[in-house]
1. For the range 2-196, count the residues as N, evaluate 2.2 N^0.38 Å, and divide the Cα radius of gyration by that value, please.
2. Of the peptides 166-178, 209-221, 278-290, how do they stack up when ordered by the mean number of other Cβ atoms within 10 Å, highest first?
3. Could you estimate the translational diffusion coefficient of the range 54-102 from the Stokes-Einstein equation, with Rh from the Kirkwood formula over C-alpha pairs, at 4 °C and 1.567 mPa s, in whole µm²/s?
4. Could you put Leu118, Leu207 in order, starting from the residue whose Cβ has the fewest other Cβ atoms within 10 Å?
5. Mean projection of the alpha-carbon convex hull of the range 84-202 over all orientations, in nm²?
6. I need the shape label for the range 1-99. Rule: rounded when a/c is under 1.5, else prolate if a/b > b/c, else oblate, with a, b, c from the alpha carbon gyration tensor.
7. Please list, ordered by chain and number, the residues whose modelled amide H lies under 5 Å from the amide H of Val98; skip anything fewer than 5 residues away on the same chain.
8. Could you work out [θ]222 nm for the chain from helices alone, using -39500 (n - 2.57) per DSSP H run of at least four and dividing by all its residues? Round to the nearest 500 deg cm²/dmol.
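Just so it is clear, none of the values below were taken in a lab; they were calculated from the coordinates. Owing to the predicted nature of the structure, the values given are computational and were not obtained by experimental measurement. Cβ: placed from backbone, ideal geometry, glycine included. Neighbour counts: every protein chain shown.
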Amino acid sequence: MKIAVIGAGAIGGLVGAKLALAGEEVSFLVRARHVEAIRKNGFRLLHPDGTEQVAREIRVTESYAEAGVQDVVILAMKAHQVEEVLPHLPKLMGPDTVIVPMQNGIPFWYFNRHGGALEGSVVRTVDPEGTLLAGIDPARILGCVVYPASELLAPGVVKHIEGERFPLGELDGSSSERVQRVSEAFVRAGFKAPVLDNIRAEIWLKLWGNLSFNPISSLTHSTLVDICQYPLSRELAANMMREAQTVAGKLGIEFRVSLDKRIAGAEKVGKHKTSMLQDIEAGRAPEIDALVGSVVELARMTDTPTPHIDTVFALVKLLARTMAEEQGQVRLRAVA
């Protein structure tokens, strides 16, 4: 298949490189500094077992017109970055092109093909003016949940830390030929990509940990295992997760694992810095609204009190605003 990956960061790089190595026709649509590095050296992938592979049979460009019509378009950027690519997407679209957003958190399409009283509602935290829904036809979208942890070490160099699951699903829960086709491509690339009949439940399961561990790690500069093994931060994360579970329950979502098991899963990842902490340390705008603010919004929509989530949300938003005003980054520095 012809697959365009927009963004060559930690996840986009991992997915695009492995799809290319499996024989798919992959085009990376990236910024100039990535174009030069990848064209020169290929895309270098460092596996968890210490081995390396380099994907060289790939197209790398800044030009959507040059990439042309695709079978699948993977949106592999942060939620707040999707809007900037909207004007260019039509150049990649054919009548049957499928779009696979890979953003964390509650997606902009959440209430489309959802059913119930909230059908068609806009999640304003991630799509304030409804621009994303207006710019991307929900009928093209396949839901996807990203579980792997990876890090971008340099342009064109990604370290895969752990995880290989990318569950997929139609927004209305139906089974389709196109979702099976995309799943099969991911499986050929070495991923686990089960097709689910309720992709929103899987989104909540992933978000359940992200909405707590990401902001807590950003505020404390601690890794997942640190948060889980320190009693006070573990209990804070658990309280945030209990509140989120109540919100999800009012939207018809049941979690297939227990809260303790979800925390244990995060602890097992070990000394891994969350994506939000990586952004804070690098001076990048962190992905707060999709991961935390969206849950606050859905809590208000369902009349659910979320005092722990609200407090952590306020603190990490203030941190992000301070960073933006000071044009700085926040890192721990060893002292002699």
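1. My calculation over the Cα atoms of the range 2-196 gives 0.99.
2. 209-221, 278-290, 166-178
3. 109
4. Ordered by Cβ neighbours within 10 Å, fewest first: Leu118, Leu207.
5. Working: hull surface 34.5 nm².
Mean shadow area of the hull around the Cα atoms is 8.6 nm².
6. Prolate is the answer for the range 1-99, as a/c is 1.5 or above and a/b outweighs b/c.
7. Val72, Val73
8. Working: 12 runs with 138 residues, N = 336.
Estimated from H runs of four or more residues: -12500 deg cm²/dmol.
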